[in-house]
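Input: a single structure, listed below in structure tokens.
The values are calculated or read from the model by the stated rules, or taken from the named source; none is laboratory data. Since we're looking at a predicted model, the values are computed, not measured. Cβ atoms come from the backbone with ideal geometry, glycine included; neighbour counts cover every protein chain shown.
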Ligand code: DQA
């Protein structure tokens, strides 16, 4: 389905839709280890994205469950509702082969993001099992990691014309 932003109807440019998907414990942002993850809550981060990118249609989803993330990835793929996905998988990043397989199973590009620099933290966080199947990885810039993820998806879309070649 091609959705056209009213302001852009005259040149029939497609409005891009991105899913911002957050995994376990990211609902606790603001209260959870603020010295690592900062004082903004997830709603603040999501609001910041909407404000910074008024030209993008965002869908936001968070789940504490691996299965919840998998279901959302498949639903988005099957409905064809989003052009790209920004994923902070939380701790699942480091061990979820199921999540990796789900990302491999869809054609929508996924950008892996992290608030903290996972390569400058504990040994067990330095490996991501999903990076290989993601379109790119952004780690260590706090909420700006999500913004950089949007820029990355936008530039991919621009390179591929009106949409993505998956
Ligand atoms: C995180 C890093 C993960 O190691 C951790 O389990 C998280 C958050 C980040 O955004 O920095 O929950 O993905």
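Scanning segment 29-50 for residues that are in a helix (DSSP H, G or I) and over 21 Å from residue 81 (Cα atoms) yields a total of 9.
Each residue in segment 12-28 was checked for being in a loop (DSSP other than H, G, I, E, B) and either closer than 18 Å to residue 91 by Cα or modelled with pLDDT of 95 or more (or both), and 4 of them qualify. Each residue in segment 26-61 was checked for being within 16 Å of the ligand (Cβ to nearest atom), within 21 Å of residue 141 (Cβ to Cβ) and crowded, with 16+ Cβ neighbours inside 10 Å, and 12 pass.
Let's see how each residue does on (1) in contact (Cβ under 8 Å) with a residue 12 or more places away in the chain; (2) away from the ligand (no atom under 16 Å from the Cβ); (3) surrounded by 15 or more Cβ atoms within 10 Å (Cβ to Cβ):
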position: 63; (1), (2), (3): yes, no, yes
position: 73; (1), (2), (3): yes, yes, yes
position: 91; (1), (2), (3): yes, no, no
position: 108; (1), (2), (3): yes, yes, yes
position: 111; (1), (2), (3): yes, no, yes
position: 115; (1), (2), (3): yes, no, yes
position: 122; (1), (2), (3): no, no, no
position: 139; (1), (2), (3): yes, no, yes
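Taking the stated definitions as given, is residue 79 surrounded by 17 or more Cβ atoms within 10 Å (Cβ to Cβ) and either closer than 21 Å to residue 147 by Cα or modelled with pLDDT of 95 or more (or both)? Here the answer is no, as residue 79 does not meet what is asked. All of 140, 136, 163 fail the test of being touching a helix residue (DSSP H, G or I) at 6+ places or on another chain (Cβ under 8 Å) and modelled with pLDDT under 95, apart from 163.
When you scan segment 16-25, how many residues do you find that are near the ligand (Cβ under 8 Å from one of its atoms) and in contact with a strand residue (DSSP E or B) (Cβ under 7 Å, 6 or more places away or on another chain)? So the count comes out to 1. Scanning segment 93-106 for residues being within 18 Å of residue 136 (Cβ to Cβ) and away from the ligand (no atom under 11 Å from the Cβ) gives a total of 6. Residue selection: residue 102 satisfies the criterion of being buried (at least 17 other Cβ atoms within 10 Å of the Cβ), more than 13 Å from the chain's Cα centre (by Cα), under 15 Å from residue 70 (Cα atoms) and in contact (Cβ under 8 Å) with a residue 24 or more places away in the chain.
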